[in-house]
1. Could you list, in sequence order, the residues of segment 178-198 that are surrounded by fewer than 16 Cβ atoms within 10 Å (Cβ to Cβ), within 20 Å of the chain's Cα centre (by Cα) and within 16 Å of E156 (Cα to Cα)?
2. Filtering segment 354-366 down to residues that are surrounded by fewer than 19 Cβ atoms within 10 Å (Cβ to Cβ) and touching a residue at least 24 places away in the same chain (Cβ under 8 Å), which residue is farthest from Q18 (Cα to Cα)?
3. Which of the residues that make up segment 105-134 are hydroxyl-bearing (S, T, Y) and farther than 17 Å from V171 by Cβ?
4. Within segment 84-95, work out how many residues are surrounded by fewer than 23 Cβ atoms within 10 Å (Cβ to Cβ), touching a strand residue (DSSP E or B) at 6+ places or on another chain (Cβ under 7 Å) and under 17 Å from R115 (Cα atoms).
5. Within segment 108-143, can you find the residues that are among the polar types (S, T, N, Q) and either at pLDDT 95 or above or under 17 Å from K72 (Cα atoms) (or both)?
6. Where residues in segment 228-242 are surrounded by 10 or more Cβ atoms within 10 Å (Cβ to Cβ), assigned to a loop (DSSP other than H, G, I, E, B) and not small (G, A, S), which of them is modelled with the lowest pLDDT?
7. Pull up segment 367-386, narrow it to residues that are polar (S, T, N, Q) and either buried (at least 19 other Cβ atoms within 10 Å of the Cβ) or assigned to a helix (DSSP H, G or I) (or both), then point me to the one that is modelled with the lowest pLDDT.
8. For segment 114-167, which residues satisfy the criterion of being within 25 Å of the chain's Cα centre (by Cα) and not aliphatic (A, V, I, L, M)?
Amino acid sequence: MPQDQTPEAPNNIFIARQPIFRKNQKVYGYELLFRSSLANFFDPTRDGSQASSSVIVNSFLLFGISNITEGKKAFINFTPEMLCKEYPALFPKEITVVEILENTTQTPELMGALRYLKRKGYTLALDDFTYDESLEPLLELVDIVKFDLRLMSMAELASQVKVVNSRHHKVRILAEKVESFEEHEQVKRLGFDLFQGYFFQKPKVIAGRDIPGSKLQYLLILRQLQDENYSVSQVAELISHDVSLSYKLLKYVNSAYFGLRREIQSLAGAVAMVGEIDLKKWLNLVMLSYLAEDKPIELVRNSLMRAEFCEAIGSHLESRIKGSGKFYTVGMFSLLDALLDKPMDAILAGIALSDDVNDALLGRNPNLLMASLYLAKAYESGAWQTAAKLADKLAINADELPQIYDKALTVVKRFDFLE
């Protein structure tokens, strides 16, 4: 990053989002993670209220909250100083969840500000919660309590939940840093109804289970779509033989995204409207959504976001690698293990991708494809230090990453049939 660009510069704003799920595995909202630059990670002196408020306000002005969260809840951490200055009131109460750190000092000024936000209709959440009687005044105000699974044993968590439920029946409890299917099942039994973490990215291994025939067919179609010689006429023929695909394509081209004055009713017209490159991407996404029929649809969204992110990184590296379309493939296929509940190596053995793509997906023999995927993963999880190092190794201008991520979010919004 050029030395003359400060972290507060409005074009150096980094945002990532982490999904928060309901019990039905649909997205309830996103926790938003902010940095004024990747360099900001290394300079704790810049993490004061003034810098934080500037980043948050500018982020919403530049990106737009509706684009970031797609109309769902936005969980945002506010410092005590920002709460006392009533900064949360700058954002729409319908989707803003005000996160309060558990160790926040309960001054009269702070409690007054929280009561004001509560009266205004804002949702309040208490973050990194560990029960203590001194927190009772806060528990009387908040709507959501977030428990960090990494801070206590499951037995301790059960005890804490029991105390909170016995005294505050209207409080919703959210489990964060849920990192496995087993943990997800355990916290559900404890009464949690909101979940945050990457449990959905780790497969539930079932002994002896194979990939069902229909899903295997979808995988083979996905494999065919990666062939650079795959023609648009072949894609159109594939769609024409599937009523569901045909309907979805017509619905897509007649959506608000294309802004048509009259509806397109023929499959040929729809194919022409989308174009060869976008049509292949669209079909990739539909095939993945079929694979995810019993999974959180956020897996498909995240696959698409990674594909777009990695493809953009690949476009910056075209002089250093041939076949930049492989970057899209790596991002798109990066969650196949979670979609199919199978180890990645077992899945890849049946679809014959190129060696460099396989290496990237399996995390072996480091290459540029792997580095782009790791950069996408670091950015989406707000691991800014790792993202900074990877961007530097790839000779990518870190200032461009927010625009790449924002573009990927915009692409995801186009596919309303995922809901």
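The values are calculated or read from the model by the stated rules, or taken from the named source; none is laboratory data. Small disclaimer: the values here were computed from a predicted structure and weren't measured. Cβ placement follows ideal geometry from the backbone for every residue including glycine, while neighbour counts extend to all protein chains displayed.
1. Answer for segment 178-198, where residues must be surrounded by fewer than 16 Cβ atoms within 10 Å (Cβ to Cβ), within 20 Å of the chain's Cα centre (by Cα) and within 16 Å of E156 (Cα to Cα): there is none.
2. S354
3. Correct list: T105, T107, Y116.
4. Count: 0.
5. Matches in segment 108-143: T123 only.
6. Selected residue: Y230.
7. Looking at residues that are polar (S, T, N, Q) and either buried (at least 19 other Cβ atoms within 10 Å of the Cβ) or assigned to a helix (DSSP H, G or I) (or both), I get Q385.
8. Result: Y122, T123, D127, D128, F129, D143, K146, F147, D148, R150.
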